[in-house]
Each structure stands twice: as structure tokens, then as C-alpha cells.
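The values are calculated or read from the model by the stated rules, or taken from the named source; none is laboratory data. None of the values given here were measured: they were computed from a predicted structure. Quick reminder, even Gly has a Cβ in these numbers, built from the backbone with ideal geometry, and neighbours come from all protein chains shown.
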Amino acid sequence: MQHRLVMTIIGLDRPGLVDSVASLVAEHGGNWLESRMSRLGGHFAGILRVEVAAEKQQALAEALESLKAKGLSVIAHPDPAAEETAGGQLVFLEIIGQDRPGIVREISHALADYGVNVEELHTECTSAAMSGESLFKAHAKLSVPESCNTTELRRRLERIAEDLIVDINFEEAAAREQSV
């Protein structure tokens, strides 16, 4: 029987970090299913999901623990969602505006109030083209429960955007596909 694991990895960035993890997964007969990894500051951080035979799961976990000696922290968790949990309506959220503290907190708080699950979130601060000021950008993929009033949620997000002086785009997946 195959078991799925979700892992987090972090360490000072250097060549070979991904290879260290991938080699151990392969040595234990595991299959690398999906991952999101990035260099953030001087660190390399990522999450990944692998599948491994039940009888090799413990040996893989112990082998991954040995990477601490190389400065790489790996934490593995059983994947309870292997049977794929039912989501909701897929919505994409984009935010762009002058950077300031609290943007993520305000938006995430509103989403949590409506029971919205953040499936993916990518944020960055860049220099604005003309002014050189710090520009905040966020792209999120959200799962909105069927019980959520999306019109009301959209209004609340728009009010927050006005207060924060940011532009916000809240687009349902079906509408996004039609515009492409």
C-alpha cells in the first residue's frame, strides 16, 4: 500500500538541496508528486508531496532526518487529504498597490470570516516602474464554500482595498476561463 507524505524543507540556500531530498525519496522507492519551492532571502524553502510504500515510510523519514547534519531541515507529515477533499468554487484574487504593513492580514482575515480556504498564495514586493516605491503584489487561488455569499465577500474585499489603497481583482474561475 502506498502512503502519501507532505514535507516542508528549509535551509540556507546552496546548490544540491533539492537533489539531497530527491535522492532519498528515490532511494526509498518513493515518487515525487508535486512541489512548490523557492529561494526566499538567503534561505531555500519548499513544500512537496511524495508517495512511498507503507513499509518504507519510516526509513524515509529517518533518512530525511539525517539531512539536518547538512543544514537542511525536513519535516514530513502523513497526507490525510490523499482521497482529495471536496473544495468549493474556485476563485482567483489579485492585489496590487503600494506596500504597507497589514495587507495580507486584512485580506486573510476577511477570507477566514467567510470560510474561504487559501489554496495557493504568492506575494512579492517589487519596485514600482516610475516612482521606485515598494509595490506589493499578491496572487491567490481560493476555494470558496458553496454556503458563502460571494457578492457580499466581494464587497467586503473592495472596502478593504479602498482602505488600504490597493487594487483588487476577485474573479471566479468560470469567468476567467471565458475571458481567455
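For Gly71, indicate whether it is in contact with a Pro (Cβ under 9 Å, 6 or more places away or on another chain) and surrounded by fewer than 17 Cβ atoms within 10 Å (Cβ to Cβ).
When the stated conditions are applied, Gly71 does not pass them.
Which residues, counting only those in the range 1-19, are among the polar types (S, T, N, Q) and modelled with pLDDT of 95 or more?
Residue satisfying the conditions is Thr8 alone.
Considering only residues that are more than 13 Å from Arg4 (Cβ to Cβ) and either exposed (fewer than 11 other Cβ atoms within 10 Å of the Cβ) or not aliphatic (A, V, I, L, M) (or both), which ones fall in the range 41-55?
Gly41, Gly42, His43, Phe44, Gly46, Glu55
List the residue pairs whose Cβ atoms are under 8 Å apart, where the first residue sits in the range 4-19 and is under 15 Å from Glu51 (Cα atoms), the second is charged (D, E, K, R) and assigned to a loop (DSSP other than H, G, I, E, B), and the two are 6 or more positions apart or on different chains.
Partner pairs satisfying both residue conditions: Arg4/Asp79; Leu5/Asp79; Val6/Asp79.
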